[in-house]
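Here the structure comes first, spelled out in structure tokens, and everything after it is commentary.
The values are calculated or read from the model by the stated rules, or taken from the named source; none is laboratory data. Values in this document were obtained by computation on a predicted structure and should not be read as measured data. Cβ: placed from backbone, ideal geometry, glycine included. Neighbour counts: every protein chain shown.
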Amino acid sequence: TDVRDLVFDVHPSQFAVDQSGTSITITWHDGHESKYSLQWLWENSYISQKYRQMQQDRVWKRCLWDARTAAREDLPTVHHDQFMQDEAVCARC
């Protein structure tokens, strides 16, 4: 996907909850339809217990990077042209 081709004004044109009340179907402005279980939406929402637990269990903690921190990490480095043209170089990073 080329980020320059992304559309940023995405919005639903309509939605409907099924008769059992367990899923929602969203019709997007381009006609595409998505169907989601309401249970799945709740479990993956930013307010669910599962999400809060995932945030607490994150392996990587936030830290401020500066030149000194980056130097200690021994990060792989490559030239931009090599990265863009050579799959093997890209795979090393």
Those residues of the range 1-24 that are under 14 Å from LEU41 (Cα atoms) and surrounded by 10 or more Cβ atoms within 10 Å (Cβ to Cβ) come to a total of 4
For the range 64-73, check the following and say yes or no: at least one residue is under 29 Å from GLN14 (Cα atoms), free of Cβ contacts under 8 Å to residues at least 40 places away in the same chain and in a loop (DSSP other than H, G, I, E, B). no
Mind checking which residues of the range 1-31 are under 20 Å from the mean Cα position of the chain (by Cα) and not in a strand (DSSP E or B)? THR1, ASP2, VAL3, ARG4, ASP5, LEU6, VAL7, PHE8, ASP9, VAL10, HIS11
Pairs with Cβ under 8 Å, 6+ apart, first in the range 1-17 and among the hydroxyl-bearing types (Ser, Thr, Tyr), second at pLDDT 95 or above: SER13/THR27
Here the qualifying pairs (Cβ atoms under 7 Å; residues six or more apart or on different chains; first in the range 27-53 and outside the structural domain of HIS11 (by TED's automatic domain parsing); second surrounded by 10 or more Cβ atoms within 10 Å (Cβ to Cβ)) come out as none
